[in-house]
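First comes the structure, then the notes that go with it.
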Amino acid sequence: MESVGGRVTLCNARGVTPTLAVVLVGEDPASEVYVRNKGKKAAQLGIATRDHRLPDATTTEALLAVVATLNADPEVDGILVQLPLPGHVDEQAVLLAVDPAKDVDGFHPANLGRLVIGSPVFIPCTPQGCMLLLESAGVDPAGKRALVIGRSTIVGKPVAQLLVAAHATVTIAHSRTVDLPAEVARAEIVIAAVGRPRFVQGEWLAQGATVIDVGINRLPTGKLCGDVAFDSARERVGAITPVPGGVGPMTIACLMGNVVLAAERRAKIV
Ligand code: NDP
C-alpha cells in the first residue's frame, strides 16, 4: 500500500494540496498540545494546515459560521474541531454542521452510521489506530474474545464496531459493569478507554492477552500514564501499548490518512 507521503505526492501531481483546517476554541492546555502535534505531523507529510483559533467566549452561532465557511471552501479537505469545546457551546450542533465529506475525525452521524453498516469512509482516528496497532502486533481479532472498556462515541463504541467487523466476539464494559475484573480475565484482547489512571490492574488480565491502552491521564507529578497499570500488566500480557506513545501517535497518523483520503476524493484519485 502507498505510504501517506506517497499519496500526498500523487495528490500534488493533480494540483491538489491536502489541507486540514483546525478549529480550536479557548485555551485548554491539552488541546493546545494536540493541535501543535497534529500541525507538526501534517507539515512533515506535506499536508497544509489552517489554524482557526477562537476565544473561549465564542458562541455556538459564531462557531457554526466558521464551520460553514470551511465547508464552502473548495481548498479545505478536512475540518477538525478540537474537542472538548467550552461548556456553553452546543458541541452536537457543531459536529453535525461539519460536511460529512470533510469530517476527517469521523464523528458525524453520517460517518458513524456508515461504519455501523460496514461501508465506512472516514473511520474515527483513535479506533482506527487501535486496529492498526493490533495488526502491527500480528493479532487477528477473528474469533477472539475482545473487551472494550468505555462506551464513548469517539472511542469505545466505534472501536467495538471495528472489532465486530473484524469478526471478534465483543463485550463493551462501562461504569455500570458489575464485575469488571471477571470480564477482563476472559478477554484475549482488551481495549481500555476509561480515562482513569492505571485503573485496569495487571492481575486482572489473562496470560498472553493483547492490551491497547487508549487512556491519557496526567498524574499530579505532571507525568502521563494510561488506563492500565503498565508495570504489573507487562508481566502477564503478550503485548501492551505504552502511554505516552502507542495509541496517541497512531491517532495522529490516522487523522493524516483521513485528510489525504479526503484530498484523494477531491483529486478524483479514489
Ligand atoms: P469518556 O469519559 O467519554 O468515556 C469513558 C468511559 O469509561 C465511559 O463509557 C465510562 O462509562 C467508562 N467508565 C468510567 N468509569 C468506569 C469504571 N469504573 N468501570 C468501567 N468503565 C468505566 O472518555 P473517552 O472515551 O473520550 O476517553 C477515554 C480515555 O482515552 C481518556 O483518558 C482520554 O484522554 C483518552 N483518549 C485518548 C486518545 C488518544 O489519541 N490516545 C483519543 C481520545 C481519548 P459510562 O459510559 O457508564 O459513564
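Overview of results
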| read-out | value |
| --- | --- |
| Among residues of the stretch 206-229, those that are within 14 Å of the ligand (Cβ to nearest atom) and touching an Asp or Glu at 6+ places or on another chain (Cβ under 8 Å), counted | 7 |
| The stretch 47-72, residues that are open to solvent by 40 Å² or more (accessible area, probe 1.4 Å) and part of a loop (DSSP other than H, G, I, E, B) | PRO55, ASP56, ALA57, THR59 |
| Index of the failed condition, ARG265 passing every other in (1) without any contact (Cβ under 8 Å) to a residue 40 or more places away in the chain; (2) outside any strand (DSSP E or B) | (1) |
| Condition met for THR49 (among the hydroxyl-bearing types (Ser, Thr, Tyr) and within 20 Å of ASP103 (Cβ to Cβ)) | yes |
| Residue list for the stretch 115-152, restricted to those being within 15 Å of the chain's Cα centre (by Cα) and near the ligand (Cβ under 8 Å from one of its atoms) | CYS125, THR126, GLY129, GLY150, ARG151, SER152 |
| Conditions (1) touching a residue at least 60 places away in the same chain (Cβ under 8 Å); (2) more than 10 Å from the ligand (Cβ to nearest atom); number of the one not met by ALA185 | (1) |
| Residue match in the stretch 257-265 (condition: of a type in the set (A, V, I, L, M), within 29 Å of LEU205 (Cβ to Cβ) and either within 16 Å of the ligand (Cβ to nearest atom) or at pLDDT 95 or above (or both)) | no |
| Tabulated pairs, the stretch 1-20, first part of a loop (DSSP other than H, G, I, E, B), second among the aliphatic types (A, V, I, L, M) and surrounded by fewer than 21 Cβ atoms within 10 Å (Cβ to Cβ), C-beta under 8 angstrom, 6+ apart or interchain | GLU2/LEU10; ARG14/ALA267; ARG14/ILE269; GLY15/ALA267; VAL16/ALA267; THR17/ALA48; PRO18/ALA48 |
| Meets criteria (of a type in the set (A, V, I, L, M, F, W, C), within 17 Å of the chain's Cα centre (by Cα), surrounded by 19 or more Cβ atoms within 10 Å (Cβ to Cβ) and modelled with pLDDT of 95 or more) for LEU112 | yes |
| Only one of VAL200, VAL243, VAL194 that is modelled with pLDDT of 95 or more, farther than 15 Å from LEU147 by Cβ and within 10 Å of the ligand (Cβ to nearest atom) | VAL243 |
| Selection within the stretch 98-130 - of a type outside the set (Ser, Thr, Tyr) and in contact (Cβ under 8 Å) with a residue 60 or more places away in the chain | ALA101, LYS102, VAL104, ASP105, GLY106, VAL121, PHE122, ILE123, CYS125, GLN128, GLY129, CYS130 |
| Criterion (hydroxyl-bearing (Ser, Thr, Tyr) and either assigned to a helix (DSSP H, G or I) or open to solvent by less than 30 Å² (accessible area, probe 1.4 Å) (or both)) met by exactly one of SER31, SER119 | SER31 |
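Here is a yes/no grid of residues against (1) more than 14 Å from ASN258 (Cβ to Cβ); (2) of a type in the set (D, E, K, R); (3) out of contact with any Leu (no Cβ under 6 Å at 6 or more places or on another chain):
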{"site": "GLU91", "(1), (2), (3)": "yes, yes, no"}
{"site": "LEU96", "(1), (2), (3)": "yes, no, yes"}
{"site": "ASP99", "(1), (2), (3)": "no, yes, yes"}
{"site": "ASP103", "(1), (2), (3)": "no, yes, yes"}
{"site": "VAL116", "(1), (2), (3)": "yes, no, yes"}
{"site": "LEU133", "(1), (2), (3)": "yes, no, yes"}
{"site": "LYS144", "(1), (2), (3)": "yes, yes, yes"}
{"site": "SER152", "(1), (2), (3)": "yes, no, yes"}
{"site": "ALA160", "(1), (2), (3)": "yes, no, yes"}
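The values are calculated or read from the model by the stated rules, or taken from the named source; none is laboratory data. These numbers come from a predicted model, not from an experiment. Here Cβ is always computed from backbone atoms with ideal geometry, including for glycine, and neighbour counts include all displayed protein chains. These accessible areas exclude ligands, DNA and RNA; they are computed on the full protein's heavy atoms, side chains included. Shrake-Rupley method; radii C 1.70, N 1.55, O 1.52, S 1.80 Å.
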